[in-house]
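Notes to accompany the following structure.
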């Protein structure tokens, strides 16, 4: 069998933690920030887990993670 390819876009966006959960960056913090409240932007900082319904799709894109 040939090796499976990792989706390069997914490799840039997701990282697998030691516990097996997958982390991702927060969306909606790139532009058009003037109309967003300070509280909203503060809560968009940092990283978060991907939703449980998306885990299978992300793991398929990252076969060796």
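Tell me which residues, restricted to region 1-17, are in contact with a strand residue (DSSP E or B) (Cβ under 7 Å, 6 or more places away or on another chain) and in a helix (DSSP H, G or I).
13, the sole residue that qualifies.
Over 13 Å from the mean Cα position of the chain (by Cα) and touching a residue at least 12 places away in the same chain (Cβ under 8 Å): which single residue out of 41, 23 fits that description?
41
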key: Checklist (1) touching a helix residue (DSSP H, G or I) at 6+ places or on another chain (Cβ under 6 Å); (2) at pLDDT below 95 applied to residue 65, failing item   = (1)
task = Inspect all residues belonging to region 48-62 and state whether any of them is surrounded by 10 or more Cβ atoms within 10 Å (Cβ to Cβ), part of a loop (DSSP other than H, G, I, E, B) and in contact with a strand residue (DSSP E or B) (Cβ under 9 Å, 6 or more places away or on another chain).
result = yes
note = Inside region 18-41, the number of residues satisfying the requirement of being surrounded by 10 or more Cβ atoms within 10 Å (Cβ to Cβ) and not in a strand (DSSP E or B) is 8
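The values are calculated or read from the model by the stated rules, or taken from the named source; none is laboratory data. None of the values given here were measured: they were computed from a predicted structure. Counting neighbours? That spans all protein chains shown, and the Cβs are built from the backbone with ideal geometry, glycine included.
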